[in-house]
Amino acid sequence: MTDITLANVKDFVGQSLGASDWVDVDQLRINQFAECTGDRQWIHIDIERARKESPFGGTIAHGYLSLSLVAALAMKLGLAPKDASAVINYGLDKVRFITPVKAGERVRLQLALIGIEPKENGQFLIKSKATLEIENNQSPALVAESLALIIP
């Protein structure tokens with residue numbers, strides 16, 4: 001975890017913040033996400049059908065499930081300045097879902113701080129490059145530019 005503060009955050013632009021711990025994406029997590037979102041497409045929740053009919057050989061996580069992991073993992077890597085009063089998701093740019101995450105695989109986040117933009121009232125946007133890697137796979141699950149509004 002990095003030691004980012006409001007005073008030194010600019011020093012981290014262009015630097016990697018490292019890799020998170022691995023996170024299990026098991027069938028239970030996929031099923032719970034399906035229930036929360038209402039996206040019960042068979043490629044996510046029907047294990048037998050997915051094994052027989054899916055081009056992936058089994059169930060896969062929702063792309064948005066994978067994307068939803070980015071914010072929490074970024075915070076664990078220390079993206080937010082320790083002395084900020086709040087950090088708010090501001091948006092995403094250039095999101096691309098590259099490789100499906102199969103049920104039972106593990107993912108981790110590689111994160112680099114790529115920009116800072118001043119806003120009003122001393123606030124600023126942090127832009128980071130997020131790459132969600134799949135264990136033992138050369139191709140990532142997704143890449144995105146993540147924007148976080150920092151409130152001092």
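With a requirement of 3 or more residues that are hydrophobic (A, V, I, L, M, F, W, C), the helices (runs of 4 or more DSSP H) lying completely within the range 33-138 that satisfy it span 42-45, 63-76.
Taking the range 120-152 as the range and being modelled with pLDDT under 95 and out of contact with any strand residue (DSSP E or B) (no Cβ under 6 Å at 6 or more places or on another chain) as the test, the residues that pass are E120, N121, G122, P152.
Restricting attention to the range 72-116, which residues are small (G, A, S) and touching a residue at least 24 places away in the same chain (Cβ under 8 Å)? Can you show your working first?
As a first pass, look at the range 72-116 and keep what is small (G, A, S): 72, 74, 78, 80, 84-86, 91, 103-104, 112, 115.
Across the range 72-116, the qualifying residues are A74, G78, A80, A84, S85, A86, G91, A103, G104, A112, G115.
Does V70 fit the bill of being of a type in the set (V, I, T) and surrounded by fewer than 20 Cβ atoms within 10 Å (Cβ to Cβ)? No: the conditions fail for V70.
The values are calculated or read from the model by the stated rules, or taken from the named source; none is laboratory data. A quick note: this is a predicted structure, and the numbers were derived from the prediction, not measured. No Cβ is skipped: glycine too gets one built from the backbone with ideal geometry, and neighbour counts run over all protein chains shown.
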